[in-house]
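Below is one structure, written out as structure tokens; comments come after it.
The values are calculated or read from the model by the stated rules, or taken from the named source; none is laboratory data. None of these values were measured; they are calculated from a predicted model. Cβ placement follows ideal geometry from the backbone for every residue including glycine, while neighbour counts extend to all protein chains displayed. Only protein heavy atoms, including side chains, enter the accessible area calculation; ligands, DNA and RNA are left aside. Shrake-Rupley method; radii C 1.70, N 1.55, O 1.52, S 1.80 Å.
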There are 2 protein chains.
Amino acid sequence: MIPRKSKYAIQALKSLAKVYPEKGRLAIAFIADQERIPKKFLEAILLQLRNVGIVGSKMGPAGGYYLLKSPDDIALSDIIRATGGPIALLPCVSLNFYEACEDCPSEELCGLHEVLEEVREASVRILAKTSLTDLIKRESKLLKLSQSTDN
Amino acid sequence: MIPRKSKYAIQALKSLAKVYPEKGRLAIAFIADQERIPKKFLEAILLQLRNVGIVGSKMGPAGGYYLLKSPDDIALSDIIRATGGPIALLPCVSLNFYEACEDCPSEELCGLHEVLEEVREASVRILAKTSLTDLIKRESKLLKLSQSTDN
DNA sequence: CATATATTCTACTTATACGATAGGATAACA
DNA sequence: TGTTATCCTATCGTATAAGTAGAATATATG
């Protein structure tokens, strides 16, 4: 499970991606309202995303946050990792949050380790190839589909 | 991330699989010692596995736990789920621990939902096709490999 | 039947992380 | 200079994970 923080981050960045690059800037309060994210919590999240170079910010009136890279180049895996969400199922197979099992005599001889590495690779493969732009495209497809099919 | 409980469960069942079906029975204390799992904690875990029908138990001297099914038919996904470990990255894409996002207007229109479903499917595909027997086979392969290569 | 052995069951503890909030400091624009 | 927005540090409650304690129950064996 990834923390809610990661989910909020993806939602917020999706909002920013939709106005990229013109205008580009959105205020915390605006995003919080639009995406139904607690404002103060979102503030902390955006700060974190700024510290890893995903977004930039401007203070003062007409200030706000904006993407520092094209939404084509921001993958879900980047966002999840930046917000502390491990993708792996155990710390011992995590690339970014690695921690050895205290009780494990040898990682190289552990069958579970090997299997969970495969799981992680499969997960990362999907998350790393899905960009913010892809997310948005998916949603417009889903919307069209639901409109044509019925309601 | 799956809880440590799930990892312990897999280790314990691996021990039981190795003595299946002859003898078949192992005491908590024995498994705890062999796998370096806190005894009282393992006790709770095995009880849980018994309640979902993965293992059976016998009280008294020469008692202990044993597999109720062939280790060929016990998949890692079964064990993880039985011990409360969600495989999905968000509750809204979990098959066994489903919970809707409070802030989500429509799951069917959510791009993230769609992507994370793919991730879950990929993960489950691997975990469901890996049995205890497979785990053990993998480990003996890894052992042989490490012995022939060098140390 | 008594005793030793092992599981069963309930309850508790402790630590940590998640999710969220408060409030003042700082920067920028008009 | 006032207003708007981010910046920053500190705090807090709650849930869950991880592990512990101890008595009750069942069963083999002498």
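Per-residue shielding of B:87-95, expressed as the average number of other chain Cβ atoms within 10 Å of the residue Cβ, stands at 3. Taking GluC sites (Glu not before Pro) as exposed when DSSP calls them loop (any state but H, G, I, E, B) and at most 12 other Cβ atoms lie within 10 Å, what is the longest stretch of chain A free of them, the sites themselves excluded? The reported range is A:23-98. If you run the Gaussian network model on chain A, springs between alpha carbon atoms under 10 Å, then out of A:Pro38, A:Pro105, A:Pro71 the most flexible one is A:Pro105. Dividing the Cα radius of gyration of the protein assembly as shown by 2.2 N^0.38 Å, with N the residue count, gives 1.19. The value given for region A:15-151 is a Kirkwood hydrodynamic radius of 17.4 Å, derived from the mean inverse Cα-Cα separation. Within chain A, the cysteines lacking any other cysteine Cβ closer than 4.7 Å to their own Cβ are A:Cys92, A:Cys110. Remark on B:Ile74: its backbone amide H falls under 5 Å from those of B:Leu132, B:Thr133, a criterion applied only to residues 5 or more positions apart or on other chains, H modelled at 1.01 Å from N.
Contact order for chain B, expressed relative to its length and based on alpha carbon pairs under 8 Å spaced 6+ residues apart, stands at 25 percent. Per-residue ellipticity at 222 nm, computed for chain B from helices alone with -39500 (n - 2.57) per DSSP H run of at least four residues, works out to -17000 deg cm²/dmol.
Of the solvent-accessible surface of chain A, computed with a 1.4 Å probe over protein heavy atoms with every protein chain present, carbon and sulfur atoms account for 53 percent. Taking θ as phi - 60° and the Karplus parameters 6.51, -1.76 and 1.60, the scalar couplings of region B:12-23 work out to 5, 5, 4, 4, 5, 5, 5, 10, 8, x, 5, 6 Hz in sequence order, x denoting glycine and proline. Within 13 Å, Cβ to Cβ, of A:Ile54, how many net charges do the neighbouring residues add up to if Lys/Arg are +1 and Asp/Glu are -1? Every neighbour counted, the sum reads +2.
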